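Chemist: Structure in structure tokens, see below.
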Amino acid sequence: MEKIRVFVLDDHEIVRNGLRQTLARHDDIELVGEAGLAAEALRRIPALRPDVAVLDGRLPDGSGIDVCREVRSTLPDVACLILTSYDDDEALFSAIMAGAAGYVLKEIRGNDLVGAIRAVASGQSLLAPSVTRRVLERLREGPHEDPALASLNQREREILQLIADGLTNRQIGTRLGLSEKTVKNYVSSILEKLGLASRTQAAVYLLKQAGE
């Protein structure tokens, strides 16, 4: 019987040890490699060509979702199973959009995880109908907008964008036909609404929102 080749990515050695012991008890599964960092996994997975990659949701140098996206773009035959401690819609949505075949929590029992590995290895998806429905609703609604950003009026949004573009208060005033003092008041209001302390934080915040 051909074994299911599995690669494990998790930054906690004790978790990797536990997974190694769990998988070793099943004759139809072979652990072909493991890593503790995303960069290491991205180097090793193409060479090892596992059937299933079990990927930790959050890592010191990225996330299993990032690894999943990269792996699936070059090795579409590798089924990616996200194993995480965090149950939130944003991570779940990102995992599905990255091409993950499944998304399970670390509290899962060993035998259930093995069952999940077998399922995705056979081409099945571990996404329940309720999960699929949430994703479809999210796609229809478009990108999620932070409620704090939604609290800004149109003029404040314009000024926030110009801050992110690196303009000073004086330059923003010239661009929008406003006095420098008025722009300063707008900036203070923006920072207060977003719960931020500086223009730099505001620029980073907007860039992060644009990337989601």
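Chemist: Picking from Pro60, Pro50, Pro46, which residue would you name as being buried (at least 21 other Cβ atoms within 10 Å of the Cβ) and not aliphatic (A, V, I, L, M)? Steps first, please.
Modeler: Numbers: Pro60 fails: buried (at least 21 other Cβ atoms within 10 Å of the Cβ); Pro46 fails: buried (at least 21 other Cβ atoms within 10 Å of the Cβ).
Among Pro60, Pro50, Pro46, only Pro50 is buried (at least 21 other Cβ atoms within 10 Å of the Cβ) and not aliphatic (A, V, I, L, M).
Chemist: Okay, moving on. List every residue pair whose Cβ atoms sit under 6 Å apart, with the two residues 6 or more apart in sequence or on different chains, where the first one lies in the stretch 82-106 and is farther than 17 Å from Val71 by Cβ and the second, anywhere, is open to solvent by 20 Å² or more (accessible area, probe 1.4 Å) and assigned to a helix (DSSP H, G or I).
Modeler: Phe93/Arg138
Chemist: Right, something else. List pairs: first in the stretch 155-171 and within 13 Å of Leu191 (Cα to Cα) and in contact (Cβ under 8 Å) with a residue 40 or more places away in the chain, second part of a loop (DSSP other than H, G, I, E, B) and hydrophobic (A, V, I, L, M, F, W, C), Cβ under 9 Å, 6+ apart or cross-chain?
Modeler: Short answer, once both residue conditions are applied: Leu160/Leu152.
Chemist: Tell me the helices (runs of 4 or more DSSP H) entirely within the stretch 94-194 that contain at least 1 residues that are of a type in the set (Phe, Trp, Tyr), modelled with pLDDT of 90 or more and open to solvent by less than 80 Å² (accessible area, probe 1.4 Å). Reasoning before the result, please.
Modeler: Numbers: elements: 110-121, 129-141, 147-150, 154-164, 169-176, 180-194.
Counting at least 1 such residues, we get 180-194.
Chemist: On the given criteria, is Ile29 buried (at least 17 other Cβ atoms within 10 Å of the Cβ) and under 16 Å from Leu113 (Cβ atoms)?
Modeler: On the way: buried (at least 17 other Cβ atoms within 10 Å of the Cβ): yes; under 16 Å from Leu113 (Cβ atoms): yes.
Yes, satisfied.
Chemist: On to the next question. Could you identify the single residue in Asp87, Asp77 that is modelled with pLDDT under 85 and surrounded by fewer than 22 Cβ atoms within 10 Å (Cβ to Cβ)? Don't jump to the end; show me each part of the working.
Modeler: Working: Asp77 fails: modelled with pLDDT under 85.
Only one candidate qualifies: Asp87.
Chemist: Here is a follow-up. Name the single residue that is nearest to the chain's Cα centre (by Cα) among those in the stretch 195-212 being of a type in the set (S, T, N, Q) and open to solvent by 60 Å² or more (accessible area, probe 1.4 Å). Step through it out loud before you land on a result.
Modeler: The initial filter retains those residues of the stretch 195-212 that are of a type in the set (S, T, N, Q), namely 198, 200-201, 209.
Keeping just the survivors that are open to solvent by 60 Å² or more (accessible area, probe 1.4 Å) gives 200-201.
Numbers: Thr200: 24, Gln201: 21 Å.
Ranking the candidates gives Gln201 first.
Chemist: To continue, here is another question. So, in the stretch 35-75, how many residues would count as being under 15 Å from Met97 (Cα atoms) and among the β-branched types (Val, Ile, Thr)?
Modeler: Of the residues in that region, 3 qualify.
The values are calculated or read from the model by the stated rules, or taken from the named source; none is laboratory data. Quick caveat, the model's predicted, so the values are computed rather than measured. So basically every Cβ, Gly included, is an ideal-geometry build from the backbone, and we count neighbours across all protein chains shown. Accessible surface areas use protein heavy atoms only, side chains included; no ligands, DNA or RNA. Shrake-Rupley method; radii C 1.70, N 1.55, O 1.52, S 1.80 Å.
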